[in-house]
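> I'd like to ask you about the structure that follows.
The values are calculated or read from the model by the stated rules, or taken from the named source; none is laboratory data. Keep in mind that what you see is a predicted model, and the values were worked out from it rather than measured. Glycine also receives a Cβ, built like all others from the backbone with ideal geometry; neighbour counts cover every protein chain displayed.
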There are 2 protein chains.
Amino acid sequence: MKILISNDDGIYAPGIRALYQAVRDLGEIDVVAPIAEQSAVGHAITLSNPIKTNRVYNGGEFFGHAVGGTPADSVKLAVCALLDHRPDLIVSGINLGPNAGISVIYSGTVSAATEGTILGIPSMAISINSFKNPCWDTAAVVARRLALMIQQHGLPEDTLLNVNVPNLPLDQIKGYAVTRMGRSRFVEVFDRRTDPRGNVYYWMDGALEQLGDTEQTDLDALENGYVSMTPIWFDLTNQKALPDLRKWNLDA
Amino acid sequence: MKILISNDDGIYAPGIRALYQAVRDLGEIDVVAPIAEQSAVGHAITLSNPIKTNRVYNGGEFFGHAVGGTPADSVKLAVCALLDHRPDLIVSGINLGPNAGISVIYSGTVSAATEGTILGIPSMAISINSFKNPCWDTAAVVARRLALMIQQHGLPEDTLLNVNVPNLPLDQIKGYAVTRMGRSRFVEVFDRRTDPRGNVYYWMDGALEQLGDTEQTDLDALENGYVSMTPIWFDLTNQKALPDLRKWNLDA
């Protein structure tokens, strides 16, 4: 199996190293990832600037390509230019912090897997449900297991697997749950400050708030100690809304 | 009606000026938009850096707030911090170039409207189907008309209206079509170059390729001279994929 690894925390992040160790014996592994942290970049791509690349070594051994761009850039560039073969699987992560609920649309980790899916390659994003003291070992075992599952079963057309792992020792994980993206929103707080020259600036901060029914959501699975697996795609059409819009009298 | 205007081409772009002129007599208009072009930033938000703002004047008259961030930042900051009232409607655009098919997921124009929708405010993105010699007047008439329609009918829950306008004089527009986001992909070309110091860099380029059935898609409407109106939301769960994933034997 040829596996391409990427992420949004950058090629030097511990999460991508943990992922690499977890899957390296499954086949031929390529690492192509942003040179610097790209959290919350969403599905940004770099069209107005050139994209630079560097070779990164780990203890004298070639580790991968660092890309001066976003997660989506990294996957596009890897598949279309850097690699001399097409990956069988793309895994993005392991992200420090969850990508569940509305966070999915801001997530660089998920966008790398989305880009892989658009390119027709089975893809998975994997994140750990904590920003502190991450249990990389647990998420690494899950990543390896699900990589093998995807090899065996494939993934539905145009669909990636968005995986979130509770931050628990492996023996405390309750199981695997197939979930939907939880309805939620960030309650934003903008901290207004003034710089030494009197200019105003803001820091964005906020907390995730769940909305509506939480049953079988990614957020709910994490809270209850289950690995969450959500099938995500990129057809954003709200099919249910089509008939209502057709009632608008726009021909008059 | 209180209308917030934003975009991704930046507060100095001609498209946002055309939009402002088109809707200014409909009520109280606020303009909050990125200070510089932010095309293809997707749903990026700025968490790791402070966000600066500036007041922008047009011929001595206050025009709006320029934001040192992304389209999604601009809308969040406007609604949560800059404005002293909640908008009744958010309009993002008029974008130079279409946001149809797979482009929707890379689009900063759409992300501003997505952010408005997440905040619970009816929102519309509007783009013109050309990068050259845009007929701003046509798109401005459409923007005004659909703003009034949204005022009258509202929008379905959690759903924004993504509007694409053919680049034609108004009397050559065939009508309005309610569409779905067309299945498509970019066929990427990376142009590999070497800088004067011998470092490799790439320019991303590509052409949109339609996939599968094109009937009733945004791309198809534009090709046939219709204004395309697509209901877009941000629940990315592929519901149809849930049963298949539940068949995986992960308890063993």
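> Go through segment B:81-112 residue by residue and tally those that are within 11 Å of chain A (Cβ to nearest Cβ), over 8 Å from the mean Cα position of the chain (by Cα) and under 18 Å from B:Phe234 (Cβ atoms).
Within segment B:81-112, residues that are within 11 Å of chain A (Cβ to nearest Cβ), over 8 Å from the mean Cα position of the chain (by Cα) and under 18 Å from B:Phe234 (Cβ atoms) number 5.
> Quick one: is B:Ile128 over 29 Å from A:Gly116 (Cβ atoms) and either hydroxyl-bearing (Ser, Thr, Tyr) or touching a Phe, Trp or Tyr at 6+ places or on another chain (Cβ under 8 Å) (or both)?
Answer is yes for this residue.
> Next question, about the same structure. Give me a count of the residues in segment A:222-252 that are free of Cβ contacts under 8 Å to residues at least 12 places away in the same chain, more than 8 Å from chain B (Cβ to nearest Cβ) and either closer than 24 Å to A:Asn164 by Cβ or crowded, with 20+ Cβ neighbours inside 10 Å (or both).
Qualifying residue count for the region: 1.
> Confirm whether A:Leu219 is at the interface with another protein chain (Cβ under 7 Å from one of its Cβ atoms) and at pLDDT 90 or above. I'd like the intermediate steps shown before the answer.
Details: at the interface with another protein chain (Cβ under 7 Å from one of its Cβ atoms): no; at pLDDT 90 or above: yes.
For A:Leu219, the condition - at the interface with another protein chain (Cβ under 7 Å from one of its Cβ atoms) and at pLDDT 90 or above - is not met.
> Can you report the number of residues in segment A:66-80 which are surrounded by fewer than 21 Cβ atoms within 10 Å (Cβ to Cβ) and within 16 Å of A:Lys2 (Cβ to Cβ)?
Qualifying residue count, segment A:66-80: 1.
> Filter segment B:30-39 for residues that are within 14 Å of another protein chain (Cβ to nearest Cβ) and buried (at least 24 other Cβ atoms within 10 Å of the Cβ) and give the result.
B:Val32, B:Pro34, B:Gln38
The rows are residues; the columns are (1) among the charged types (D, E, K, R); (2) more than 30 Å from A:Thr70 (Cα to Cα); (3) part of a strand (DSSP E or B).
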{"site": "B:Tyr20", "(1), (2), (3)": "no, yes, no"}
{"site": "B:Asp25", "(1), (2), (3)": "yes, yes, no"}
{"site": "B:Ala36", "(1), (2), (3)": "no, no, no"}
{"site": "B:His43", "(1), (2), (3)": "no, no, no"}
{"site": "B:Asn49", "(1), (2), (3)": "no, no, no"}
{"site": "B:Tyr57", "(1), (2), (3)": "no, yes, yes"}
{"site": "B:Phe63", "(1), (2), (3)": "no, yes, yes"}
{"site": "B:Gly69", "(1), (2), (3)": "no, no, no"}
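> From the residues in segment A:136-185 that are over 21 Å from B:Asn238 (Cβ atoms) and facing another protein chain (nearest Cβ under 8 Å), which one is surrounded by the most Cβ atoms within 10 Å (Cβ to Cβ)?
The residue in question is A:Arg185.
> Still on this model: Any chance segment B:91-99 includes a residue that's buried (at least 18 other Cβ atoms within 10 Å of the Cβ) and more than 24 Å from B:Phe131 (Cα to Cα)?
First, pick out the residues of segment B:91-99 that are buried (at least 18 other Cβ atoms within 10 Å of the Cβ): B:91-99.
Narrowing the set further to residues that are more than 24 Å from B:Phe131 (Cα to Cα) leaves none.
So far as segment B:91-99 goes, no, none of its residues is buried (at least 18 other Cβ atoms within 10 Å of the Cβ) and more than 24 Å from B:Phe131 (Cα to Cα).
> Only residues that are loosely packed, with under 15 Cβ neighbours inside 10 Å, closer than 22 Å to A:Ile105 by Cα and more than 9 Å from chain B (Cβ to nearest Cβ): list them for segment A:188-210, please.
Selection gives A:Ala207, A:Glu209.
> Here's a follow-up. Exactly one of these conditions fails for B:Ser48: (1) in contact (Cβ under 8 Å) with a residue 12 or more places away in the chain; (2) within 14 Å of another protein chain (Cβ to nearest Cβ). Give me its number.
With (1) in contact (Cβ under 8 Å) with a residue 12 or more places away in the chain; (2) within 14 Å of another protein chain (Cβ to nearest Cβ) applied to B:Ser48, the lone miss is (1).
> Looking at segment A:8-29, can you tell me whether even one residue there is within 13 Å of chain B (Cβ to nearest Cβ) and of a type outside the set (Gly, Ala, Ser)?
Yes, segment A:8-29 has at least one match.
> Return the only residue of B:Asp88, B:Asp84 being without any contact (Cβ under 8 Å) to a residue 12 or more places away in the chain, among the acidic types (Asp, Glu) and surrounded by fewer than 18 Cβ atoms within 10 Å (Cβ to Cβ).
B:Asp84
> In segment A:40-62, what residues are over 21 Å from B:Thr109 (Cβ atoms) and surrounded by 20 or more Cβ atoms within 10 Å (Cβ to Cβ)?
A:Ile51, A:Thr53
> Report whether or not B:Arg185 is modelled with pLDDT of 95 or more and basic (Lys, Arg).
No: the conditions fail for B:Arg185.
> Go through B:Asp84, B:Asp88, B:Asp73, B:Asp30 for me and flag whichever is among the acidic types (Asp, Glu), farther than 27 Å from B:Ser184 by Cβ and in contact with a Lys or Arg (Cβ under 7 Å, 6 or more places away or on another chain). Don't jump to the end; show me each part of the working.
Values: B:Asp84 fails: in contact with a Lys or Arg (Cβ under 7 Å, 6 or more places away or on another chain); B:Asp73 fails: in contact with a Lys or Arg (Cβ under 7 Å, 6 or more places away or on another chain); B:Asp30 fails: in contact with a Lys or Arg (Cβ under 7 Å, 6 or more places away or on another chain).
From the options B:Asp84, B:Asp88, B:Asp73, B:Asp30, the qualifying one is B:Asp88.
> Please list, ordered by residue number, the strands (runs of 3 or more DSSP E) wholly in segment A:113-206 having 2 or more residues that are under 16 Å from the mean Cα position of the chain (by Cα).
A:123-128, A:160-165
> Moving on to the next point. With the checklist (1) surrounded by 24 or more Cβ atoms within 10 Å (Cβ to Cβ); (2) more than 18 Å from B:Val31 (Cβ to Cβ) in hand, flag the one item B:Ala112 doesn't pass.
Of the numbered conditions (1) surrounded by 24 or more Cβ atoms within 10 Å (Cβ to Cβ); (2) more than 18 Å from B:Val31 (Cβ to Cβ), the odd one out for B:Ala112 is (2).
> Which numbered condition trips up B:Ser111, out of (1) in contact with a helix residue (DSSP H, G or I) (Cβ under 7 Å, 6 or more places away or on another chain); (2) more than 30 Å from B:Asp213 (Cα to Cα)?
Answer for B:Ser111: the failing condition is (2).
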